[in-house]
Amino acid sequence: MTLNAADDTFARSICAALGEDVLRPIDPRYLEEPRRRFAGHVGVLALPRTAQEVATLVRVASDASVPVVPYGGGTGLVGGQVMGEGPAPLLISMERMTAIRAVYPAENILIAEAGAILADVQAAADEADRLFPLALAAQGSCRIGGNLATNAGGVNVLRYGNARDLCLGLEAVLPNGDMWHGLSRLRKDNTGYDLRNLLIGAEGTLGIITAASLKLYPRPQGVGTAMFQVASPEAAIDLLALARDQLGEGVSTFELIHKQGLQFLSEVLPDIRQPFATQPEWMVLIELGLSGGLSPSEALMALYEAAEHRGLVSDAVIAQSEAQRAELWAVREQIPEANRLIGSVSSHDISVPISRIPEFIQRGSDAIGALGPFRINCFGHLGDGNLHYNVFPPAGHDRSEYDAQRGPIKRAVHDLVDEFAGSVSAEHGIGRLKTDDLERYGDPVKLSAMRAIKTALDPKGIMNPGAVLKV
């Protein structure tokens, strides 16, 4: 179906329905994404105050066959929040819908509007002496609706799961403007199709999330953090198994870090204090969250001694204070910023079966080495098999010199991921960046079912056209 641009006539129809206060001038920040791989255009920018206003906006857009792009915190890395082709869309930003509607500590549930910043959701849980465990680098600016729309991951997936696993119910506006009141607080509800999980991860292509019922957890009574030097990725996997054998679900985070990331920090962020005098080839960041009466420091020391006895580790730094813990986390959290400052030729958010990660790393290095003298920074969430596998120009060169190599590098990495029965999008989503990859590597039956769902729920094709599925 032909779509129409969000023009002045369309803007007047919105004003007639909701008043002029819902519209805003189009600031340049709405037209780009963090990596600046995509530039968007917007015909009308709306900032609704309530879910009912979102429903009205979508209904007006549906009647006029105007495309709609939902906008959360703008932190997505695959271009799902910017639309550069086709008629200028209505962009609906959720930034005025930030309320924490309710907290139920006894039920371990919090209800937040979609525009609530993730860090504010975490703080609201903390005020109730509870934990909302979704944690990622952009948590000071990303919004919970976008986290759910992209099924965000982060550093605590090993213990608590992705955003999908932290959500009990949704309130959402469907493509015809109907409101789905699905803010369930139930943990058992087998009444038909699961619309919640259909909308989570759909990246705004099936509707707009306006609020969510989120799972909370008891706060760990003791938190311990350490960096362990490991002999190899194989040793890191053996260490993960040992840690889970000894500590079970007490292991919250298990992050693999390569020497290249440390070298980038030294190069562009030298004020970041690194844990070891000599940068190791591989190390892991481990964090524990233990119940009352258990000492995290003692547990980490016992883990180190057992791992050292097996030849898995050679040195460690165990945080003895909150300041030391923050220093260890700063190393991991600033690696993406160092990557940005260096400038990657091609970045990849991939996952493979955990036991095959060492083989993938070696074969990936061989494949990239055959294409040129590139630097590889391979790091990420080893505990759930998610690697950020990023390829950089040689030292002293700019990534712009290798623009022609971006495609072959991406193809080499993703072909290898596919061979390993992995995923070319572990936690960042498909957006507009990876639609071709989804077509190439996705299961044909799954893709056919996805298109059927899209057609059934959004027959006019107005919801975030060009994202996830090719139009």
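Tabulated data for the structure shown
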{"item": "Average accessible surface area per residue within the chain, 1.4 Å rolling probe, Å²", "result": "42 Å²"}
{"item": "Size of electric dipole in the chain: Cβ of Lys, Arg +1 and of Asp, Glu -1, about Cα centre, debye, nearest 20", "result": "820 debye"}
{"item": "Förster radius 45 Å - calculated FRET efficiency between Asp178 and Glu107 (Cβ-Cβ, nearest 0.05)", "result": "0.95"}
{"item": "Listed residues Ile318, Leu290, Ser423: farthest to the positive end of the dipole of the chain (Cβ charges)", "result": "Ser423"}
{"item": "The stretch 292-319 residues near the modelled Gln221 label - backbone nitrogen below 11 Å, point 7 Å along Cα→Cβ", "result": "292-295"}
{"item": "Computed Rg/Rh of the stretch 342-408, alpha carbon atoms with Kirkwood Rh", "result": "0.99"}
{"item": "With Cα atoms, 0 to 90° folded angle of helix 444-457 axis to the chain main axis", "result": "40 degrees"}
{"item": "Spatial separation of Cα centroids for the stretch 63-95 and the stretch 430-452, in angstrom", "result": "20 Å"}
{"item": "Estimated Rh, the stretch 31-92: Kirkwood, alpha-carbon pairs, angstrom", "result": "12.1 Å"}
{"item": "The stretch 276-375 - charge dipole about Cα centre, Lys and Arg +1 at Cβ, Asp and Glu -1, debye rounded to 20", "result": "340 debye"}
{"item": "Accessible area of the chain belonging to carbon and sulfur atoms, whole % at 1.4 Å probe", "result": "50 percent"}
{"item": "Principal-axis tilt of helix 118-127 within the chain, Cα atoms, nearest 10 degrees", "result": "70 degrees"}
{"item": "Cut-off 14 Å, label 7 Å out along Cα→Cβ of Arg35, residues of the stretch 436-461 by amide N", "result": "436-438"}
{"item": "Packing-based order for 90-98, 70-78, 26-34, using average beta carbon neighbours within 10 Å, highest first", "result": "70-78, 90-98, 26-34"}
{"item": "Pairwise FRET efficiency - Leu186 versus Thr9, Cβ, R0 = 51 Å, nearest 0.05", "result": "0.70"}
{"item": "Volume per residue that the Cα convex hull of the stretch 84-199 spans, once the total is divided by residue count, Å³", "result": "141 Å³"}
{"item": "Nearest 10 degrees, 0 to 90: helix 296-309 Cα axis against the chain principal axis", "result": "60 degrees"}
{"item": "Those chymotrypsin sites (Phe, Trp or Tyr not before Pro) in the stretch 226-279 that DSSP places in a loop and that have at most 16 other beta carbons within 10 Å", "result": "Phe276"}
{"item": "Förster-model FRET efficiency, 30 Å R0, Gln324 and Asp129, C-beta, rounded to 0.05", "result": "0.75"}
{"item": "Virtual spin-label span in nm between Ser266 and Arg164, 7 Å along Cα→Cβ", "result": "4.1 nm"}
{"item": "Positive-end extreme of charge dipole, the stretch 39-196 - chosen from Ile111, Leu186, Val173 (charges on Cβ)", "result": "Leu186"}
{"item": "Cβ-based net charge around Phe392, under 9 Å, with every Lys or Arg adding one and every Asp or Glu removing one", "result": "+2"}
{"item": "21 Å tail of the calculated P(r), the stretch 400-471, as % of Cα pairs", "result": "35 percent"}
{"item": "Antiparallel bridge percentage (DSSP; both residues within the stretch 47-127; nearest 5)", "result": "50 percent"}
{"item": "Placed amide H near Gly73: partners under 5 Å, 5+ positions off or other chain", "result": "Arg143, Gly146"}
{"item": "Volume in Å³ per residue [convex hull over Cα atoms, computed for the stretch 123-168]", "result": "80 Å³"}
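The values are calculated or read from the model by the stated rules, or taken from the named source; none is laboratory data. Computed from a predicted structure; not experimentally measured. Using ideal geometry, Cβ is built from the backbone for each residue, glycine included, and neighbour counts are taken over all protein chains shown. Keep in mind that these areas ignore ligands, DNA and RNA; they rest on the heavy atoms of the full protein, side chains included. Shrake-Rupley method; radii C 1.70, N 1.55, O 1.52, S 1.80 Å.
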